[in-house]
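The values are calculated or read from the model by the stated rules, or taken from the named source; none is laboratory data. Just so you know, these numbers come straight off a predicted model, no measurement behind them. In this analysis, Cβ positions are derived from the backbone assuming ideal geometry, glycine residues included, and neighbour counts consider all displayed protein chains. Ligands, DNA and RNA are excluded from the accessible area calculation, which covers all protein heavy atoms including side chains. Shrake-Rupley method; radii C 1.70, N 1.55, O 1.52, S 1.80 Å.
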Amino acid sequence: MVNTFPKFSAVALVRGTLAFLAFVSIAGFSPRVAGQNFVLASSPSIDGYQWMITGDFNGDGKPDFVTLSFGNPSYVDVETNNGDGSGNFSLGARFTVGSYAQSVTAADVNGDHSLDLITQNELANEVLVFTNHGNATFGPATIIPVGADPRSVVATNFGRGFVDMVVANYAAHSLSLFTNDGTGQFASNVTYNLSGSPQTVIAADVNGDSKPDLVVAVQSYVGVTILTNDGAGGFAFSATYNLGQVFPMEVAAADLNGDHKLDIVALDFTGSVFVLTNSGAGQFAVEPAYSAPNNTAFTLLDVNNDGVADIVFSAYTATNLGTLTNNGAGIFAPGPNISIPSTGGFVVSDDVNTDGRLDLIAGLQSYHAAVLINTIVIPPPTLEIRATTTNSAILTWALSATNYMLQQNTNLTATNWNDVADPVDSSSGTNQVVVPLQSRGVFYRLVK
């Protein structure tokens, strides 16, 4: 049985010229250790575990997942969410996607509001685009010739209004930008030469100008290369950050230290995780590496409910997922392991059961996926009194606390409370409501 919080927060009492918090005891709450938060919900069969993504592929508003097998031919499995919150999935589609495909990505390339799939045919130097019919079934591939040995594709609106794509050409030491005419037809536009072999490319706004830039994991002992968006959907070389004698395999971006700037995490297949801290305007400092033995992939999510992103990584020799927990300042330490049924492959995170908590899906070398539901208890927001005057008090709560209603009553134990009609001001970084001070005490609470 999972312990849960009640649906209301601490109660603020406002009376006369005084205002204070009357805290309500929370029964049944039992804090959990990070690794114990994740419970195996299901283990569906899959054809491959080398790469995984999540997305809503059948339009039901629930996250599905896609797996990729590395071989000749390569296969894609589309696993659809049964939608009842149990974490069960069923095979929606399985089809071949060329030879030795190394990654798969999803984007709506033709503007029909359905996620299409993009992968590579490494031997033929091609990118394949599979158009979604809207129900997690896909049409035949549109074949696009690209540079030598394509390894990764990122597709998004880079500023032209359509979903364009960038391909990482490993053997050609380059990135290729392909522009979309809006219907899912792509034309070669620009090639960007690099100093090494690009393994993975992602899009992230690293310099805070609201335009997606490119972050590239470059092998041949190079590191991480940044190309910034020129504002018109093209890119300019910014910097390369050397990580030493390593081969970075995967990169991700997130605010790791609470400064509202995207930092970078890079995974090296020799057993290290690197954090690049954004110092502003897209300039980075490379922090000392963290150990992640025998790692194969990683994902970023808050595993211990402290409000900051942690690192979860899989290992091809271990029957658990490792964790590196964030202290809030972007500094990590080894955390508890998360058990999985067999040795791991890829790992991703998404809110599988739509309860507001990120869950985990791990590809397993037993050709199954481990769907791990996050059972951590999320407390309600704290209702605070920030300031009082002779005639009023200001009640505040976090902007992140969505779908809560402020209510009032003169009787703390009453069952019927009244909604507060006063407007909520969110301009100062928190939700604020000004309430009057009254001679008779009035209790306020947040209810979901």
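Evaluating residue 435 against the criteria (1) open to solvent by 30 Å² or more (accessible area, probe 1.4 Å); (2) modelled with pLDDT of 80 or more; (3) among the β-branched types (Val, Ile, Thr) leaves one unmet condition, (1).
Among the residues of segment 77-120, those that are touching a residue at least 40 places away in the same chain (Cβ under 8 Å), in contact with a Gly (Cβ under 8 Å, 6 or more places away or on another chain) and assigned to a strand (DSSP E or B) comprise 78, 79, 80, 106, 116, 119, 120.
Of the residues in segment 204-214, how many are acidic (Asp, Glu) and surrounded by 19 or more Cβ atoms within 10 Å (Cβ to Cβ)?
1
Apart from one condition, residue 145 fits all of (1) at pLDDT 95 or above; (2) touching a Leu at 6+ places or on another chain (Cβ under 7 Å); (3) of a type outside the set (S, T, N, Q); the exception is (2). Considering 217, 155, the condition of being at pLDDT 95 or above, closer than 23 Å to residue 71 by Cα and buried (at least 23 other Cβ atoms within 10 Å of the Cβ) is satisfied by 217 alone.
Does any residue of segment 189-202 turn out to be open to solvent by 50 Å² or more (accessible area, probe 1.4 Å), part of a loop (DSSP other than H, G, I, E, B) and hydrophobic (A, V, I, L, M, F, W, C)? Looking for residues that are open to solvent by 50 Å² or more (accessible area, probe 1.4 Å), part of a loop (DSSP other than H, G, I, E, B) and hydrophobic (A, V, I, L, M, F, W, C), one finds none in segment 189-202, hence no. The strands (runs of 3 or more DSSP E) located wholly in segment 265-308 that include 3 or more residues which are farther than 22 Å from residue 348 by Cβ and open to solvent by 20 Å² or more (accessible area, probe 1.4 Å) occupy 283-286. On the stretch given as segment 191-242, residues that are polar (S, T, N, Q), farther than 24 Å from residue 273 by Cα and out of contact with any His (no Cβ under 9 Å at 6 or more places or on another chain) total 3. Condition (residue is open to solvent by 50 Å² or more (accessible area, probe 1.4 Å), of a type in the set (S, T, N, Q) and on the phi < 0 side of the Ramachandran plot) applied to segment 334-349: is it met by at least one residue? Taking every residue of segment 334-349 in turn, at least one turns out to be open to solvent by 50 Å² or more (accessible area, probe 1.4 Å), of a type in the set (S, T, N, Q) and on the phi < 0 side of the Ramachandran plot.
Of everything in segment 53-76 that is acidic (Asp, Glu) and part of a loop (DSSP other than H, G, I, E, B), the residue that is most open to solvent (accessible area, probe 1.4 Å) is 60. Summed over segment 131-161, residues that are free of Cβ contacts under 8 Å to residues at least 40 places away in the same chain and under 16 Å from residue 55 (Cα atoms) total 1. Selection of first residues in segment 225-236 that are buried (at least 20 other Cβ atoms within 10 Å of the Cβ) and modelled with pLDDT of 95 or more and of second residues that are in a loop (DSSP other than H, G, I, E, B) and not aliphatic (A, V, I, L, M), restricted to Cβ pairs under 7 Å at least 6 apart or on distinct chains, gives the following pairs, ordered by first then second residue: 226/282; 228/207; 228/282; 229/158; 229/159; 229/211; 229/212.
A count restricted to segment 261-271 and to residues that are over 14 Å from the mean Cα position of the chain (by Cα) and at pLDDT 90 or above stands at 4. Count of segment 304-318 residues, restricted to those that are out of contact with any Leu (no Cβ under 9 Å at 6 or more places or on another chain) and β-branched (Val, Ile, Thr), is 1.
For segment 131-144, filtered to residues that are in contact with a Gly (Cβ under 9 Å, 6 or more places away or on another chain) and crowded, with 21+ Cβ neighbours inside 10 Å, the residue that is nearest to residue 90 (Cα to Cα) is 136.
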